[in-house]
Amino acid sequence: MRFLLDAEQRAFTGSLDKMLTAADTPAVVRAWARGEHAAGRALWSRIAGAGVFALAVHESRGGLGPLPVELAAAFVELGRHAVPGPLVETVTAAVLLAGLPESGPAGRLVPALLSGEALATVAWTAPYALDGDAADIRLAVTGEGLRLAPGHGPVRPSLDPARRLTPLDPGGELLPTGPPPARALAYARLCTAAQALGVGEALLDRTVTYARRRTQFGVPVGSFQAVKHRLADAKIGLEFARPLVFGAALTLDPMDVAAAKVAAGEAAYATARAALQAHGAIGYTAEYDLSLWLTKARVLRAAWGDPNSCRTEVLRGAGRR
């Protein structure tokens, strides 16, 4: 099985990388954390214009796909640049809504999501949703089905200041029954895993650069064996996670996606710990850009299924096979 991106896919991710590098995403992240969404929404429109959200939706519903491999590659770049906002949730909402009849609310909501006109958040059998204050479309997956939430409650603090949690108002419109939400959950976990992989790669790149530049006892700290070993272990973890992520994109099997989620989340978290140790006290400061990726690595590890629940899914799938 081939896990390398082809030339067209590499050109796509390269164009995303250039666009996001020019966008000064650290400044966008800090503004988003303060509740100032203008810069983030402008960047969101450009991401949607590149076709990222449309990759999850069939052409018959106005999308470009489904192209889960390209979607995973895009989310690696979004993670690498720490782009804020309900990215995974918007993809998940698009998949959920695209499975509903066009004659209902989904007929107007899906095009708005794909074009970047609207942001979406999803509360998945949980009381809180990500960035409910910024989202235009709020969905709640409950035992009754899929509901449109009419509003949200107060913003709650999160370990990652740029991930603002809000409770959704209950009692919204119950949407027509669509396909089982398992496919949407697979997309959510795949995108989260890819995003975590990108976060880990960014942390490793920044730490290697810092270790080469920072000197102690007259030599770069990157020349110390202890530092080399920690960064090598981080690199190995990320390299092992990458084929799992893209393998899961090829199959979208719940077991494969759960395994990729565990591998990428744990690898990004281990890289964050190594990066923090290599940077020393400066890594703890919120003013230092590294913190934007450190906190994101921690929360993505648990988002859309913590390691234990995903491991349980892997074991359950192995039993079925």
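The values are calculated or read from the model by the stated rules, or taken from the named source; none is laboratory data. In this text the structure is predicted, and so the values were computed from the model without any measurement. Glycine gets a Cβ as well: all are built from the backbone with ideal geometry, and neighbour counts include every protein chain shown.
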So, in segment 258-278, how many residues would count as being out of contact with any Gly (no Cβ under 9 Å at 6 or more places or on another chain) and either outside any helix (DSSP H, G or I) or among the aliphatic types (A, V, I, L, M) (or both)? 1
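Among the residues of segment 275-303, write down those that are farther than 19 Å from Gln195 by Cβ and not β-branched (Val, Ile, Thr). Talk me through it step by step, then tell me what you get.
From segment 275-303, those farther than 19 Å from Gln195 by Cβ are 276-288; that's our starting set.
Those that are farther than 19 Å from Gln195 by Cβ and not β-branched (Val, Ile, Thr): Leu276, Gln277, Ala278, His279, Gly280, Ala281, Gly283, Tyr284, Ala286, Glu287, Tyr288.
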Show the residue pairs that are 6+ apart or on different chains and have beta-carbon atoms under 8 Å apart, the first residue being within segment 275-287 and free of Cβ contacts under 8 Å to residues at least 12 places away in the same chain and farther than 15 Å from Pro220 by Cα, the second being among the aliphatic types (A, V, I, L, M) and in a helix (DSSP H, G or I). Ile282/Leu290; Gly283/Ala275; Gly283/Leu276; Gly283/Leu290; Gly283/Leu294; Tyr284/Leu276
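What number of residues in segment 203-253 are of a type in the set (D, E, K, R) and touching a Leu at 6+ places or on another chain (Cβ under 8 Å)?
From segment 203-253, those of a type in the set (D, E, K, R) are 205-206, 212-214, 228, 230, 233, 235, 239, 242, 253; that's our starting set.
From what's left, touching a Leu at 6+ places or on another chain (Cβ under 8 Å): 206, 235, 242.
So the answer is 3.
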What are the residues in segment 119-133 that are out of contact with any Lys or Arg (no Cβ under 7 Å at 6 or more places or on another chain) and surrounded by fewer than 21 Cβ atoms within 10 Å (Cβ to Cβ), if any? Trp124, Thr125, Ala126, Pro127
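Which of the residues belonging to segment 163-215 are touching a strand residue (DSSP E or B) at 6+ places or on another chain (Cβ under 9 Å) and in a helix (DSSP H, G or I)? Steps first, please.
Going through segment 163-215, the residues touching a strand residue (DSSP E or B) at 6+ places or on another chain (Cβ under 9 Å) turn out to be 163-178, 181, 184-185, 188, 211-214.
Ala184, Leu185, Ala188, Ala211, Arg212, Arg213, listed by residue number.
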Say we look at segment 30-63 and pick out the residues that are surrounded by 22 or more Cβ atoms within 10 Å (Cβ to Cβ) and free of Cβ contacts under 8 Å to residues at least 40 places away in the same chain; which of these is farthest from Asp131 (Cα to Cα)? Leu55
With surrounded by fewer than 23 Cβ atoms within 10 Å (Cβ to Cβ) and assigned by TED's automatic domain parsing to the domain that holds Leu165 as the only criterion, which of Ala27, Ala74 stands out? Ala27
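Taking the stated definitions as given, is Lys296 assigned to a helix (DSSP H, G or I), in contact with an Asp or Glu (Cβ under 7 Å, 6 or more places away or on another chain), modelled with pLDDT of 95 or more and not assigned by TED's automatic domain parsing to the domain that holds His58? First the steps, then the outcome.
Values: assigned to a helix (DSSP H, G or I): yes; in contact with an Asp or Glu (Cβ under 7 Å, 6 or more places away or on another chain): yes; modelled with pLDDT of 95 or more: yes; not assigned by TED's automatic domain parsing to the domain that holds His58: yes.
Judged against the criteria, Lys296 is a match.
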Mind listing just one residue for me: the one in segment 217-267 that is buried (at least 24 other Cβ atoms within 10 Å of the Cβ) and not hydrophobic (A, V, I, L, M, F, W, C) and, of those, nearest to Ser309 (Cα to Cα)? Lys261
For segment 238-260, what are the residues that are of a type outside the set (A, V, I, L, M), touching a residue at least 24 places away in the same chain (Cβ under 8 Å) and more than 14 Å from Leu315 (Cα to Cα)? Phe240, Arg242, Pro243, Phe246, Gly247
Starting from residues that are surrounded by 19 or more Cβ atoms within 10 Å (Cβ to Cβ) and of a type in the set (S, T, N, Q), keep the ones in segment 283-312 and report whichever is nearest to Ala258 (Cα to Cα). Thr295
Options Val141, Val122; residue that is in the same structural domain as Ala54 (by TED's automatic domain parsing), in contact with a helix residue (DSSP H, G or I) (Cβ under 6 Å, 6 or more places away or on another chain) and closer than 22 Å to Glu313 by Cα: Val122
Within segment 135-146, work out how many residues are surrounded by fewer than 21 Cβ atoms within 10 Å (Cβ to Cβ) and over 17 Å from Gly171 (Cβ atoms). 1
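Conditions (1) at pLDDT below 95; (2) buried (at least 22 other Cβ atoms within 10 Å of the Cβ); (3) not assigned by TED's automatic domain parsing to the domain that holds Arg298, marked per residue:
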{"site": "Gly151", "(1), (2), (3)": "yes, no, yes"}
{"site": "Val155", "(1), (2), (3)": "yes, no, yes"}
{"site": "Leu159", "(1), (2), (3)": "yes, no, yes"}
{"site": "Arg164", "(1), (2), (3)": "yes, yes, yes"}
{"site": "Asp169", "(1), (2), (3)": "yes, no, yes"}
{"site": "Ala194", "(1), (2), (3)": "no, yes, no"}
{"site": "Gly198", "(1), (2), (3)": "no, yes, no"}
